[in-house]
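K.L.:
First, the structure itself, so that you have it in front of you.
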Amino acid sequence: MVEVKLYASLRAAAGEKRFLTEASSVKALLREAKERYGNEFAAKLKLATILVNGKNIAHLKWKNTRLQDGDVVSIFPPLAGG
Amino acid sequence: MIGGYMGKVLEVDLASNRVKKYALPDRMLELYVGNKGLGARLLYDLLPPSADPLTEKNVFIVTTAPLTGSGAPSSNRFNITTKSPLTGAIVNSNCGGDFGIHLKRAGYDALIITGKARRPVYLKVDGDDVSIEDAAELWGLDTQKTQEKLPAGTGKIVIGPAGENLVKFASVISEERVAARGGVGAVMGSKNLKAVIAGGDQKVRVAHEEKFKNTCKKWRELSRRHPATGEELPRYGTAAFVNKCNATYTLPTRNFRYGTFSEADAVSGETLAEKYLVKNIGCRGCPVACGRQVELNGKKIKGPEYETVGLLGPNIMNADLSAIIEFNYQADLLGLDTISLGNTLGFVMEAGEKGLLITDLAFGKTSGISRAIEDIAYRRGLGDDMAEGVRFLSKKYGGEEFAIHVKGLEIASYEPRGAVGQGLGYAIASRGGCHIAAGYPIYLEANGPITVDPHSTIGKPGLVILNQTTMEAVSSLGCCIFTVYMFLPRQLIEINARSRFVSKMIRSGFLYGGNLIGRALSLPAWTLPVPPPFFMLPQVKAHAHCTGRRFTLGRLMELGKRVVNMDRIFNLREGLTAADDTLPARLTEELQRSEEPNSRVPLAKMLPKYYQFRGWSSDGVPRSKTLKALSIEQEPSLPGAAADSSGAAIAGN
Ligand code: SF4
């Protein structure tokens, strides 16, 4: 199982903090998440940063990044603070 | 007169009860503008070299900027500049309380305080009338009661018991906002100055009123439409970064031993919003309102910021958010910087664990912390040593390798082994371990929406220079540094998330272009004669319409570089050297994670390039041609220097 953690306004749009999936890639996971949570969530996903085990997918294989049992995917909207 | 300025500064000598009011040279305002930049120049000119920060010789300077009180969004900031008793370096502490607005209403762009009062006083600035008032009844009160006792309708800066007792990391409070870092509160305390109040009925006159109003309106809209400043920051506050830093191994945990905390979500901005948030609060005139009002035990109080949560939470292994809220409230009442406080507690806990000192404080245990905070503020028992900060503690008890400070200033809540550019920034920052003076490169390395490889050193010196230069400039314009988040516009974030190719191009631009950018920034202002894009840096156009002076991207960058160099020559004059541009051994030598071989900061690889791009020698000394190109005079240039004892006598104690 892959654990997907949602944060900030993505968490609010989804109505839950996390879900488990058997998706084998980030692309499949995103498809599943959009179907699961609907349009508002999908719109926010357009600006999201996706990390697999703490690494931005931009430094991995982008949306083709493969997922394995035990992986943790974290999805964040653009944040600010300091 | 140039738009936005009130045309004079007020200088008060507490020893002789004399005041001087004078205009600053136009050239000085043109070069250093306001807030941080102007403060740095004034301190360099007015402070006798090598003065002890806690003696009457230190100079306490409050500066504003043209945009302060002008109606521009997120720009009512004022800045406190002085020589830090914690570091011996320059400290500039920026604050969003309303004191700056009221100081300008009283008719002054800056306030300079010298000397030391014989007994506790407060300074009252009522337009042209300036008096030094007895503060016997205020002395000993906390920051909230002190503000309540002072006349309503005025702008106030006050200290609490920590400032009175010269705690080296005592803060200054204005409304509920804090000028926190570097012990600015102790400097007020050392002058027997409990508070300053200011008020008047003058208005800030802007040069091009209609254009200015339109620009501010568009700026507000931009801020509201931006996903970070328009949605996430108002909704979750700055503590929204807890989870993001946790996910990227940049959340300081167990005295910076680790970068992740298994219970981070329990202390996150999301949990704060869900369980405690009553409403958003913020600095005057800011559409973002990133501050929190929370309810705890039936009481409505100010909620903690990200930095406080990180350092009074994961850094001491505390997953109890209600305890963090309480500690934060207590620290604000006593007037303590929560960043230094969290680090000091973390250091003592680790030193206690290692048998270097005897303490009941322990990681993961909240009992005893409230008492320790009070002991620090009143300098009781071990609290007396803790009041001196982490550097002092490590020299006295040992443990320098895990004493988390730079130049004596405890490090902010970002673990740099998860973002090595941030490590370089900390090492080089003029005031010490400050995330803002570091340039906040971590936003482009780990916690922002577009990030380069956080462990690679490629491009990092240039990236740090670009960020630092921009932030110092924006800060000198009087704007909150959070206005810089618009630098990455929504469209860029969206296209970066959509297209792998574009994302790679943008990141390569930052990564490989970083050093190029660093070099480009050493070009003179006339080579960039255009204004920056409005949708990225609206502050610049607002500043130009406010002052009536043309302001280009080149001048913005030149301003930032000038401030960095001004701070640098001040620190060098006060005896700091390149040897102080360093990090604690924990961060440069210990691996953060055994599975990540690059999880330490390779500082020695980045520092020489940084010096080179800045136009500094290999010893970190600005070359004379660098200073000349930035029109920085090394001779004090202010006509009325502090040592000059002229000026009108005023009523005083
Ligand atoms: S963004 Fe937050 S810190 Fe900045 S001015 Fe607004 S309320 Fe103050």
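The values are calculated or read from the model by the stated rules, or taken from the named source; none is laboratory data. What you are looking at is a predicted structure, and each value in this text was computed from that prediction instead of being measured. Because the Cβ atoms are built from the backbone with ideal geometry, glycine has one as well, and the counts that use them run over all protein chains shown.
K.L.:
Filter the stretch B:213-241 for residues that are of a type in the set (Lys, Arg) and touching a residue at least 12 places away in the same chain (Cβ under 8 Å); which is nearest to the other protein chains (Cβ to nearest Cβ)?
P.N.:
Checking each candidate, the answer is B:ARG235.
K.L.:
Please identify the pairs in which a residue from the stretch B:624-653 that is assigned to a strand (DSSP E or B) has its Cβ atom under 7 Å from the Cβ atom of a residue that is at pLDDT 70 or above, counting only partners at least 6 apart or on another chain.
P.N.:
Listed by first residue and then by second, the contacts come to B:ALA648/B:ARG18; B:ALA648/B:VAL19; B:ALA649/B:ASN17; B:ALA649/B:ARG18.
K.L.:
For the stretch A:3-41, what are the residues that are of a type outside the set (D, E, K, R) and over 12 Å from A:ILE75 (Cα atoms)?
P.N.:
Matches in the stretch A:3-41: A:ALA12, A:ALA13, A:GLY15, A:LEU20, A:THR21, A:ALA23, A:SER24, A:SER25, A:ALA28, A:TYR37, A:GLY38, A:ASN39.
K.L.:
I've got another one for you. Checking B:PHE261 against (1) in a helix (DSSP H, G or I); (2) within 14 Å of another protein chain (Cβ to nearest Cβ); (3) more than 23 Å from B:ILE436 (Cα to Cα), which test does it fail?
P.N.:
For B:PHE261, the exception is condition (1).
K.L.:
Among the residues in the stretch B:479-499, are any without any contact (Cβ under 8 Å) to a residue 24 or more places away in the chain and either assigned to a loop (DSSP other than H, G, I, E, B) or away from chain A (no Cβ under 11 Å) (or both)?
P.N.:
Checking the stretch B:479-499: at least one residue is without any contact (Cβ under 8 Å) to a residue 24 or more places away in the chain and either assigned to a loop (DSSP other than H, G, I, E, B) or away from chain A (no Cβ under 11 Å) (or both).
K.L.:
So for the stretch B:402-417 (the condition being among the aromatic types (Phe, Trp, Tyr) and either under 22 Å from the mean Cα position of the chain (by Cα) or modelled with pLDDT under 95 (or both)), does at least one residue qualify?
P.N.:
Yes, there is a match, as at least one residue in the stretch B:402-417 is among the aromatic types (Phe, Trp, Tyr) and either under 22 Å from the mean Cα position of the chain (by Cα) or modelled with pLDDT under 95 (or both).
K.L.:
Considering only residues of the stretch B:170-181 that are within 14 Å of the ligand (Cβ to nearest atom) and in a loop (DSSP other than H, G, I, E, B), which is farthest from B:ASN328 (Cα to Cα)?
P.N.:
B:GLU175
K.L.:
Same structure again: Of the residues B:GLY462, B:GLY439, B:GLY423, B:GLY432, which single one is under 22 Å from the mean Cα position of the chain (by Cα), touching a residue at least 60 places away in the same chain (Cβ under 8 Å), buried (at least 24 other Cβ atoms within 10 Å of the Cβ) and at positive phi?
P.N.:
So the residue among B:GLY462, B:GLY439, B:GLY423, B:GLY432 that is under 22 Å from the mean Cα position of the chain (by Cα), touching a residue at least 60 places away in the same chain (Cβ under 8 Å), buried (at least 24 other Cβ atoms within 10 Å of the Cβ) and at positive phi is B:GLY432.
K.L.:
Would a scan of the stretch B:369-376 turn up a residue that is more than 16 Å from the ligand (Cβ to nearest atom) and either touching a Lys or Arg at 6+ places or on another chain (Cβ under 7 Å) or closer than 22 Å to B:ASP98 by Cβ (or both)?
P.N.:
No - not one qualifying residue is present in the stretch B:369-376.
K.L.:
Here's a follow-up. In the stretch B:471-492, how many residues are buried (at least 23 other Cβ atoms within 10 Å of the Cβ) and away from the ligand (no atom under 16 Å from the Cβ)?
P.N.:
Residues meeting the conditions: 2.
K.L.:
Would the stretch B:427-439 turn up any residue that is away from chain A (no Cβ under 14 Å) and in a helix (DSSP H, G or I)?
P.N.:
Looking through the stretch B:427-439, at least one residue is away from chain A (no Cβ under 14 Å) and in a helix (DSSP H, G or I).
K.L.:
Name the strands (runs of 3 or more DSSP E) wholly within chain A that hold at least 3 residues that are at pLDDT 95 or above, in contact with a helix residue (DSSP H, G or I) (Cβ under 9 Å, 6 or more places away or on another chain) and within 24 Å of B:SER456 (Cα to Cα)?
P.N.:
A:49-52, A:72-76
K.L.:
Further, regarding this structure: When you check B:SER503 against the structure, is it hydroxyl-bearing (Ser, Thr, Tyr), farther than 20 Å from B:TYR610 by Cα, in a loop (DSSP other than H, G, I, E, B) and within 11 Å of another protein chain (Cβ to nearest Cβ), yes or no?
P.N.:
no
K.L.:
Suppose the filter is crowded, with 19+ Cβ neighbours inside 10 Å and at pLDDT below 95; does B:MET557 pass it?
P.N.:
So B:MET557 fits the description; yes.
K.L.:
Is there a residue in the stretch B:531-543 that is assigned to a helix (DSSP H, G or I), hydrophobic (A, V, I, L, M, F, W, C) and closer than 28 Å to B:GLU221 by Cα?
P.N.:
Yes, because at least one residue in the stretch B:531-543 is assigned to a helix (DSSP H, G or I), hydrophobic (A, V, I, L, M, F, W, C) and closer than 28 Å to B:GLU221 by Cα.
K.L.:
Which of the residues belonging to the stretch B:245-258 are assigned to a loop (DSSP other than H, G, I, E, B) and surrounded by 24 or more Cβ atoms within 10 Å (Cβ to Cβ)?
P.N.:
The answer is B:THR248, B:THR250, B:LEU251, B:PRO252, B:ASN255, B:PHE256.
K.L.:
Among what's in the stretch B:287-313 and is part of a loop (DSSP other than H, G, I, E, B) and crowded, with 24+ Cβ neighbours inside 10 Å, pick the residue that is farthest from the other protein chains (Cβ to nearest Cβ).
P.N.:
So, considering only residues that are part of a loop (DSSP other than H, G, I, E, B) and crowded, with 24+ Cβ neighbours inside 10 Å, the one farthest from the other protein chains (Cβ to nearest Cβ) is B:GLY313.
K.L.:
What helices (runs of 4 or more DSSP H) lie completely within the stretch B:182-244 and have 2 or more residues being within 24 Å of B:ILE281 (Cα to Cα) and within 13 Å of the ligand (Cβ to nearest atom)?
P.N.:
B:209-225, B:233-236
K.L.:
Same structure, new question: Of the conditions (1) more than 14 Å from chain A (Cβ to nearest Cβ); (2) within 16 Å of the ligand (Cβ to nearest atom); (3) of a type in the set (Gly, Ala, Ser), B:ALA152 satisfies every one except a single condition; which number is it?
P.N.:
(2)
K.L.:
Could you say which residue among B:LEU54, B:LEU67, B:LEU46, B:LEU103 is at pLDDT 95 or above, surrounded by 24 or more Cβ atoms within 10 Å (Cβ to Cβ) and more than 16 Å from the ligand (Cβ to nearest atom)?
P.N.:
It is B:LEU103.
K.L.:
Do you know which of the residues in the stretch B:269-285 that are under 22 Å from the mean Cα position of the chain (by Cα) and either buried (at least 23 other Cβ atoms within 10 Å of the Cβ) or among the charged types (D, E, K, R) (or both) is nearest to the ligand (Cβ to nearest atom)?
P.N.:
Only one residue fits best here, namely B:CYS283.
K.L.:
When the residues of the stretch A:23-82 are narrowed to those that are touching a strand residue (DSSP E or B) at 6+ places or on another chain (Cβ under 8 Å) and basic (Lys, Arg), which ends up farthest from the other protein chains (Cβ to nearest Cβ)?
P.N.:
Once the filter is applied, the top-ranked residue is A:ARG36.
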